[in-house]
Amino acid sequence: MECESFLEHQRQMPTTLQIRNIIDRIAARQLFCVLTWIYRRLERDAYLKPYHSLGGHLLVGLDDTQYCSSQTIHCECCSSRTHKNGTISYFHSAILPVIVTPS
Ligand SMILES: [Zn+2]
């Protein structure tokens, strides 16, 4: 760390919102190679070994979430939903894979 204090280091770290704003501009398919690289490194260094189960497989649960939901602010990448009363909600979605084990 180049900061004088841990608190200052924390202040200089990008926020989740800043990371989302950067990643939202990138097509998902462009991130696949990054995810593959991360997965191979985790496997190579045995970080995933404790999570192998049921014959050496990784169980992955999928969930989704929406964020940046608004009826006024939106961008060209937003998904939208028209409600019965005619209002439109704009939002971004994400799939959240989580490695799980029976134990
Ligand atoms: Zn948007």
Quick check on my filter: what residues within the range 92-103 are in contact (Cβ under 8 Å) with a residue 40 or more places away in the chain, surrounded by 10 or more Cβ atoms within 10 Å (Cβ to Cβ) and either away from the ligand (no atom under 14 Å from the Cβ) or among the aromatic types (Phe, Trp, Tyr) (or both)?
ILE99, VAL100, THR101
So SER89 clears everything in (1) in contact (Cβ under 8 Å) with a residue 24 or more places away in the chain; (2) among the small types (Gly, Ala, Ser); (3) assigned to a strand (DSSP E or B) except one condition, right? Which one?
(1)
Residues of the range 60-73 satisfying the condition of being assigned to a strand (DSSP E or B) and either over 20 Å from the mean Cα position of the chain (by Cα) or surrounded by 10 or more Cβ atoms within 10 Å (Cβ to Cβ) (or both):
VAL60, THR65, GLN66, TYR67, CYS68, SER69, SER70
Within the range 3-58, residues under 15 Å from the mean Cα position of the chain (by Cα) and of a type in the set (A, V, I, L, M) come out as LEU17, ILE19, ILE22, ILE23, ILE26, ALA27, ALA28, LEU31, VAL34, LEU35, ILE38
How many residues are hydrophobic (A, V, I, L, M, F, W, C), in a loop (DSSP other than H, G, I, E, B) and farther than 30 Å from CYS78 by Cβ when one looks only at the range 1-31?
2
For HIS57, indicate whether it is surrounded by 12 or more Cβ atoms within 10 Å (Cβ to Cβ) and either more than 30 Å from ILE22 (Cβ to Cβ) or touching a residue at least 12 places away in the same chain (Cβ under 8 Å) (or both).
no
Boolean, TYR47 is in contact with a helix residue (DSSP H, G or I) (Cβ under 9 Å, 6 or more places away or on another chain) and at pLDDT below 90
no
Any idea which residue in the range 33-54 is surrounded by the most Cβ atoms within 10 Å (Cβ to Cβ), counting only those that are aromatic (Phe, Trp, Tyr) and within 22 Å of VAL100 (Cβ to Cβ)?
TYR51
Filter pass, CYS78 being surrounded by 10 or more Cβ atoms within 10 Å (Cβ to Cβ), within 10 Å of the ligand (Cβ to nearest atom) and at pLDDT 90 or above
yes
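The values are calculated or read from the model by the stated rules, or taken from the named source; none is laboratory data. In this text the structure is predicted, and so the values were computed from the model without any measurement. Ideal geometry is used to build each Cβ from the backbone, glycine not excepted, and the neighbour counts take in all protein chains shown.
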